[in-house]
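Asker: One structure follows; several queries about it will come next.
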């Protein structure tokens, strides 16, 4: 079991470009969560998805950010027209049930740098 | 005021010492309390979780929750250089929306 796979590990984008972050959950996990971590801060919840459904996107900015988890393939976090403030580490986690309390596995993260 | 407060450190101790890491929180509805370890440039790794109040022990690690004081602790016995990492506390009311502390950077000196 390969664990939660995120790619790319590092992503550099110029202001105004689009960033696409991918997350493949652990085998058998159908629940995916995206978190953002700014330097010297804890993780902040962004969005919770199940296959083909967005369950909770209350932590995601209303503009420029979107997420999907298609029937086939990885979950995608998409940031349009990136700005310097989007620079952060983005982590996804997966679980077999809708809870991160007891069985949660995080990926290595994607570090986005906007120049 | 943040919902979860955690001293960022760094906390530097000699190898073999007992380490105490702490978090305070303000939301009395939190029921699940987790400790994660995060090595540099890596994702968080779940170390321990506790439901409600009480103690939980796993090898060299002990987690304590005092809901009356809104205070949680992680103790590491016989600390090793490989324990050097950032330790994050996280809490929830019982769902997937974890509220995180900022993390304490721990350095174990050989």
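Asker: On the given criteria, is residue A:72 touching a strand residue (DSSP E or B) at 6+ places or on another chain (Cβ under 9 Å), more than 24 Å from residue A:39 (Cβ to Cβ) and either more than 10 Å from every other protein chain (Cβ to nearest Cβ) or part of a loop (DSSP other than H, G, I, E, B) (or both)?
Answerer: no
Asker: Here is a list: A:36, A:78. Which entry is in contact with a strand residue (DSSP E or B) (Cβ under 9 Å, 6 or more places away or on another chain), more than 21 Å from residue B:100 (Cα to Cα) and part of a strand (DSSP E or B)?
Answerer: Only one candidate passes the filter, namely A:78.
Asker: Given the condition surrounded by fewer than 21 Cβ atoms within 10 Å (Cβ to Cβ), over 17 Å from residue B:40 (Cα atoms) and out of contact with any strand residue (DSSP E or B) (no Cβ under 7 Å at 6 or more places or on another chain), answer yes or no: does some residue in the stretch A:81-94 qualify?
Answerer: Checking the stretch A:81-94: at least one residue is surrounded by fewer than 21 Cβ atoms within 10 Å (Cβ to Cβ), over 17 Å from residue B:40 (Cα atoms) and out of contact with any strand residue (DSSP E or B) (no Cβ under 7 Å at 6 or more places or on another chain).
Asker: I'd like the residue in the stretch B:33-78 that is assigned to a strand (DSSP E or B) and in contact with a helix residue (DSSP H, G or I) (Cβ under 9 Å, 6 or more places away or on another chain) and, out of all such residues, is surrounded by the fewest Cβ atoms within 10 Å (Cβ to Cβ).
Answerer: B:37
Asker: Looking only at the stretch A:1-10, count every residue that is farther than 11 Å from residue A:92 by Cα and within 14 Å of chain B (Cβ to nearest Cβ) and tell me the total.
Answerer: The total comes to 5.
Asker: So, one more: Any chance the stretch B:82-94 includes a residue that's within 20 Å of residue A:45 (Cα to Cα) and outside any strand (DSSP E or B)?
Answerer: Within the stretch B:82-94, one or more residues are within 20 Å of residue A:45 (Cα to Cα) and outside any strand (DSSP E or B).
Asker: Kindly provide the set of residues from the stretch B:16-27 that are in contact (Cβ under 8 Å) with a residue 60 or more places away in the chain, over 20 Å from residue B:96 (Cβ atoms) and part of a loop (DSSP other than H, G, I, E, B), ordered by number.
Answerer: B:16, B:17, B:18
Asker: Consider the stretch B:14-27. How many of its residues are surrounded by fewer than 18 Cβ atoms within 10 Å (Cβ to Cβ) and within 15 Å of residue B:82 (Cα to Cα)?
Answerer: Residues that pass the stated criteria total 5.
Asker: For residue A:113, work out the one condition from (1) more than 9 Å from chain B (Cβ to nearest Cβ); (2) assigned to a strand (DSSP E or B); (3) closer than 12 Å to residue A:25 by Cα it doesn't fulfil.
Answerer: Among (1) more than 9 Å from chain B (Cβ to nearest Cβ); (2) assigned to a strand (DSSP E or B); (3) closer than 12 Å to residue A:25 by Cα, residue A:113 violates only (3).
Asker: Yes or no: residue B:6 within 13 Å of chain A (Cβ to nearest Cβ), within 28 Å of residue A:109 (Cα to Cα), surrounded by 13 or more Cβ atoms within 10 Å (Cβ to Cβ) and over 12 Å from the mean Cα position of the chain (by Cα)?
Answerer: Against the criterion (within 13 Å of chain A (Cβ to nearest Cβ), within 28 Å of residue A:109 (Cα to Cα), surrounded by 13 or more Cβ atoms within 10 Å (Cβ to Cβ) and over 12 Å from the mean Cα position of the chain (by Cα)), residue B:6 does not qualify.
Asker: Working only within the stretch A:39-58, note down all residues that are facing chain B (nearest Cβ under 10 Å), in a loop (DSSP other than H, G, I, E, B) and surrounded by 14 or more Cβ atoms within 10 Å (Cβ to Cβ).
Answerer: Selection gives A:41, A:42.
Asker: Which numbered condition in (1) surrounded by 13 or more Cβ atoms within 10 Å (Cβ to Cβ); (2) part of a strand (DSSP E or B); (3) touching a residue at least 60 places away in the same chain (Cβ under 8 Å) is the only one that residue B:30 fails?
Answerer: Here residue B:30 clears every test but (2).
Asker: Moving to a separate point now. Quick one: is residue A:20 more than 14 Å from chain B (Cβ to nearest Cβ) and on the phi > 0 side of the Ramachandran plot?
Answerer: No: the conditions fail for residue A:20.
Laboratory data are not the source of any read-out in this text; all were calculated from the coordinates shown. Keep in mind it's a predicted model, so treat the numbers as computed, not measured. With ideal geometry, Cβ positions are generated from the backbone for all residues, glycine too; neighbour counts draw on all protein chains shown.
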